[in-house]
Amino acid sequence: MALCAHCLLEVPEESAIRETIDGKESVFCCPGCRAIHGLLRSEGLTGFYARRHGWTPGPPETARVPLDAFDGAVRTSGRQAEADLLISGIRCASCVWLIERYLGKRPGVLSTRVNFATGRARVSWDPSETGVGDVVLAIRALGYTPYPPEALHVGDALRRETSDLLLRFGTAAFLSMQVMLFTAGLYAGYFQGIDARYAHLFRWLCFLLSTPVVFYSGAPFLLGALRGARHGAFGMDALVFLGAFSAYGYSTASLFLGGEVYFDTSTMILTLILLGRYIEAGAKARAAEGISRLVRLAPVVARKVVQGGGTIDVPVASLSPGDLVEVVPGERMPVDGNVVEGGSEADEALLSGESAPVPKTAGDPVVAGSRNGTGRLLVRVARTGGDTVLSRIVQAVEEAQARKAPIQRLADRVVRFFVPAILLVAAGTVLSVLHRGSLPHAALMAGISVLVIACPCALGLATPLAVLVGTTSAQARGILVRGGDVLEQAAGVRCVLFDKTGTLTLGRPRLTDVEGIGIGREDALRLAASLESSSEHAIGRAIAEAVPAARRLTVHGFRAHPGEGIEGEIDGVRYLLGRPELLERFGVPVDGEASRAYSAHSAALRTAVLLSDGSRPLAVLATEDALRPEAAGAVSLLRGTGTAVAMLTGDDPGVAARVAVEVGIGEIRARVTPEGKREEVRRARERFGPVLVVGDGVNDAPALAEADVGIAMGRGTGLAIHSAGATLMTEDLLRIPAFLALSRATMRVIRQNLFWAFSYNLAAIPLAVAGKLHPIAAAAFMAGSSLLVVGNSLRLRKGGR
Amino acid sequence: MWTTLLLIVVSLALGFAGWLLFLWAVKSDQYDDVERPKHRMLDDDEDA
């Protein structure tokens, strides 16, 4: 066996392509790899092979998107054209390096920038020299697959919004700092005396500096408030708008008519709230992008086998059940179906979370989106497009996310009545002052001053600030929260549903027992570990890891029998290791002690395998998927706070029951399908109230999305993480009760904040209406109440760690 | 008076310069990808 010089896959002797390069013979697994290797050599980019460390690119993917699909992605301006492309197959920084270098050397290409995090490339070129087709072909020539970006329009809009918010926030922050500087001078001057010229200058500077903040940074709030006003609904936007814009308007009027200015109030509230929105938008954009990337995993073009034996490229959408398609090594399965011919293995990590390749031979089912390994397969189409397992799961996630009613934030409910009330009071003040015979401008000032007093930063900041601090301190405790609404939802959770495998258990088996029959325990373990050392199966790895690599014996003629076990030769003896069925198939009787030990382990719900030398059983080895050590503690903490706890699993009831007893969970639902888990979430919600789901697999994704709060395990599958509102980065289950406590604390702080902001209003509004509130007292009130809210929110950072 | 004015002008100029720098950073997508740059330093340009 030789290794392919490009993709490092093993190449069987008979299909190897040999080529002499620089006096040395290189081996390739396929013409694609040879072509890429040649390309890199001719471009002087072989540094790629030196810089990757044990990373295997796999054979080039061969899915093809028609070239004209990219035309829509091109933006031309003058002598420069530009396009954003999505590139699949980027797995490490060397890939980025390679693509940037190679495209940079193409004639006419002006610049290339590949974003490693999102797999997007922005390429610009001179349209008179080259075109988008050449760029796409160049990327394909390297073995990566470019896609047109429209598949990502959702994420795109969110990304634009994020970058827009960042600009607005940054501008507001820079200018607010300057405004604060001069405002501090004005306040100091108020107490110590200040030259009228300076005071005048400072006020004007504040005015000039805060104008862009209000009209540029504050524009989204103005638009939001206007949109809301048209529907007769007042939300947070309206409150922020009233608070910031009335302070600004009042101060501007004072500038000409005389009086105090509160420019700092209007800029600070906008800055702080923009910061919260920016962080939230960034998290949302990343999540949306993750989901739409998954949908694109399945190729859009398949090679259909036509009568007479040849193949033609056809769009996947045109295939119908019963058609035959060819899947070459390295390609992703375009459809769900059954293997008709050929042998290979598939990486189905996207469904099971298990990265070990699953063997596929004639008759085995394959799922769309999983990646074919080293062999060519002929697949009979069973389901395509929207009916595949992958798209059904993604649909369930999207449906659940879309259907979930947007949470009506506590502050929004309050604001809805508060804003119209304040507007009425202000209007009433204007009328009554006019009625008493004052000049119109004085009446207007009295009205605006009511608005300034009534809509302080404190009320606008009460919720966003507490949520911001709560979110960041959750992150410091190892829980990544996607948005403030997750915290609000989590505070009300009445029931927690745990997935079993990978959530309550570690998700990887561990060797627990070795019993030698006729041979020593140590010898048996050493033989078994040696046999399993090249196995990819989770149980095989558990056995192999029990013995250090240096102490393992050399194995010849290793062969895997999918679903049954393995065989291999050590010191001339042919050994079998696997289920009793494997031994019996080779004529080894499983009886007596071996049979008894095997059934004992099975009864205790451990997975046992038998070792045999081809004539009799030699040993029984048992593995077990161990519970997370803190699982029971986390469950009892949750129950201590009066939260109902239950378990959902696709596993069979026996195993589920044992795990449930060990962690102290009374209620279990076993053998539940992914869609069934979603159903269970609904049922639990009807019984207990808001539901929290903790899971890790793609099969948990619909439940995670349906739940009021979904928490994905940090090492869970991508779909699970994108479906959940929060991710448990440290995989420590004890963080879950801590997180619930934190969200309850956050809600408590929000209520306190709102209470203080309102008390301030209740005290100040009558004074403002009566025109009795001294300007500097008003300023102190405003700063004081904001500080109170800020300080109260910061309390969330401490404790509970 | 003129020293104060000078200081004000200097502080405004510094703030403005910082703001321009920030605008440039956002416009040139510096905040788009915070993952790749930390790997970029590991690339050695043997052929550049």
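Nothing in this text is a laboratory measurement; each read-out follows from the coordinates by a stated rule. In this text the structure is predicted, and so the values were computed from the model without any measurement. Glycine also receives a Cβ, built like all others from the backbone with ideal geometry; neighbour counts cover every protein chain displayed.
Of all the C-alpha pairs in region A:569-666, what % are more than 22 Å from each other?
Working: 2273 of 4753 pairs.
Of the Cα pairs, 48 percent sit more than 22 Å apart.
What net charge do the residues around A:Leu181 carry, taking every other residue with its C-beta under 15 Å from that of A:Leu181, with Lys and Arg at +1 and Asp and Glu at -1?
Working: positive: A:Arg203; negative: A:Asp264.
With Lys, Arg at +1 and Asp, Glu at -1, the neighbours total 0.
Report the local net charge at A:Leu274: Lys and Arg +1, Asp and Glu -1, summed over other residues whose C-beta lies under 13 Å from its C-beta.
Values: positive: A:Arg168, A:Arg277; negative: A:Glu161, A:Asp164, A:Asp237, A:Glu280.
Taking every Cβ under 13 Å from that of A:Leu274, the sum is -2.
Using θ = phi - 60° and the Karplus relation 6.51 cos²θ - 1.76 cosθ + 1.60, list the HN-Hα couplings for region A:785-793 in order, rounded to whole Hz, with x at every Gly or Pro.
Coupling constants for region A:785-793: 5, 5, 4, 4, 5, 4, x, 4, 5 Hz.
Under 5 Å between amide H atoms, partner at least 5 residues away or on a different chain: which partners does A:Ile668 have, H built in plane at 1.01 Å?
A:Met647
Given N residues in region A:301-387, what is its alpha carbon radius of gyration divided by 2.2 N^0.38 Å? Intermediate results must be reported in sequence, preceding the final value.
Working: Rg = 11.9 Å, N = 87, 2.2 N^0.38 = 12.0 Å.
Relative to the rule-of-thumb radius for its length, region A:301-387 sits at 0.99.
What length, rounded to one decimal in nm, is gained on full extension from A:Tyr216 through to A:Ala229, with 0.36 nm per residue of separation minus their alpha-carbon distance?
Working: separation 13, 0.36 × 13 = 4.68 nm, distance 2.02 nm.
Gain on extension, A:Tyr216 to A:Ala229, equals 2.7 nm.
HN-Hα J couplings of region A:726-735 from phi, Karplus 6.51/-1.76/1.60, θ = phi - 60°, integer Hz, Gly and Pro as x?
9, 10, 8, 5, 8, 6, 9, 5, 5, 5
Using amide H atoms built in the peptide plane, which far-off residues or other-chain residues are under 5 Å from A:Arg332 H to H?
Placed amide hydrogens put A:Thr62, A:Ala63, A:Asn372 under 5 Å from A:Arg332.
Take every residue in peptide A:195-201, count the Cβ atoms of other chains within 10 Å of its Cβ, and give the average of those counts. Provide the component values of the computation, followed by the final result.
Numbers: counts 2, 0, 2, 4, 0, 0, 4.
Mean inter-chain Cβ contacts per residue within 10 Å come to 2.
Given the Cα atoms of region A:644-801, and with Rh set as the inverse mean 1/r over their pairs in the Kirkwood sense, what is Rg to Rh to two decimals? All intermediate terms of the calculation are to be shown ahead of the outcome.
Details: Rg = 22.8 Å, Rh = 18.9 Å.
Reported Rg/Rh (Cα atoms, Kirkwood Rh): 1.21.
Using only alpha carbons, build the gyration tensor for region A:67-147 and give me the equivalent ellipsoid semi-axes, biggest first, whole Å. Mind showing how you got there, number by number?
On the way: eigenvalues 75, 32, 25 Å².
Taking √(5λ) for each eigenvalue gives 19, 13, 11 Å, largest first.
At a 10 Å Cβ-Cβ cut-off, how would you order A:Glu331, A:Glu581, fewest neighbours first? Spell out each step's value before the answer.
Values: A:Glu331 21, A:Glu581 14.
If I rank by nearby Cβ atoms, fewest first, I get A:Glu581, A:Glu331.
Of A:Ser128, A:Ala138, A:Trp97, whose Cα points farthest to the positive end of the dipole of region A:67-147 (charges on the beta-carbon: +1 Lys, Arg; -1 Asp, Glu; origin at the Cα centre)?
A:Trp97
Across peptide A:170-179, how many C-beta atoms of other chains are within 10 Å of each residue C-beta, on average? Don't jump to the answer; show the numbers that get you there.
Working: counts 7, 4, 0, 3, 8, 3, 0, 4, 7, 0.
Average per residue, whole number: 4.
Just want the answer: with Cβ charges of +1 for Lys and Arg and -1 for Asp and Glu, which residue in A:Val305, A:Gly322, A:Gly375 is farthest toward the dipole's positive end in region A:301-387?
A:Val305
Using amide H atoms built 1.01 Å from N in the peptide plane, name the residues 5+ places from A:Gly343, or on other chains, whose amide H lies under 5 Å from its own.
Placed amide hydrogens put A:Arg376 under 5 Å from A:Gly343.
Between A:Leu434 and A:Ala657, what is the label-point separation in nm under the 7 Å Cα-to-beta-carbon projection?
If labels sit at A:Ala657 and A:Leu434, their model points lie 8.0 nm apart.
What are the ³J(HN,Hα) values, in whole Hz, obtained from phi via the Karplus relation 6.51 cos²θ - 1.76 cosθ + 1.60 with θ = phi - 60°, for each residue of region A:695-710 in sequence order, with x given for Gly and Pro?
x, 9, x, 4, 5, 8, 4, x, 5, 4, 6, 6, 4, 5, 9, x
How high is the relative contact order of region A:506-627, in percent, with contacts defined as C-alpha pairs under 8 Å that are six or more residues apart? Present the calculation step by step, with values, prior to reporting the outcome.
On the way: 242 pairs, mean separation 38.4, N = 122.
Relative contact order of region A:506-627: 31 percent.
Given the peptides A:424-434, B:10-20, arrange them by the average over their residues of other C-beta atoms within 10 Å, most packed first. List each step's numbers first, then the result.
Values: A:424-434: 16.6, B:10-20: 13.0.
With the highest mean Cβ count within 10 Å placed first, the list reads A:424-434, B:10-20.
Figure the gain on full extension for A:Ala626 and A:Thr512 (residue separation times 0.36 nm, minus the Cα-Cα span) and round it to one decimal in nm.
Numbers: separation 114, 0.36 × 114 = 41.04 nm, distance 0.95 nm.
Extra length available between A:Ala626 and A:Thr512 comes to 40.1 nm.
Evaluate the distance, in nm, between pseudo-label points positioned 7 Å from the Cα of A:Ala549 and of A:Leu794 along their respective Cα→Cβ axes.
So the two model labels end up 5.1 nm from each other.
Just counting partner chain Cβ atoms within 10 Å, what average do the residues of peptide A:361-371 show around their Cβ?
0
For a label point 7 Å from the Cα of A:Arg75 along Cα→C-beta, name the residues of region A:124-143 whose backbone N is under 19 Å from it.
Under cut-off, by backbone N: A:124-128, A:131-133, A:135-136.
What ratio of Cα Rg to 2.2 N^0.38 Å holds for region A:506-627?
0.95
Could you tell me the largest-minus-smallest coordinate of the C-alpha atoms of region A:742-791 on each of the three principal axes, in descending order and whole angstroms?
Projected onto its principal axes, the Cα set of region A:742-791 covers 42, 17, 7 Å.
Sort A:734-746, A:639-651 by packing, meaning the average of other beta carbons within 10 Å per residue, with the highest value first.
Numbers: A:734-746: 21.2, A:639-651: 18.3.
Peptide ranking by packing, descending: A:734-746, A:639-651.
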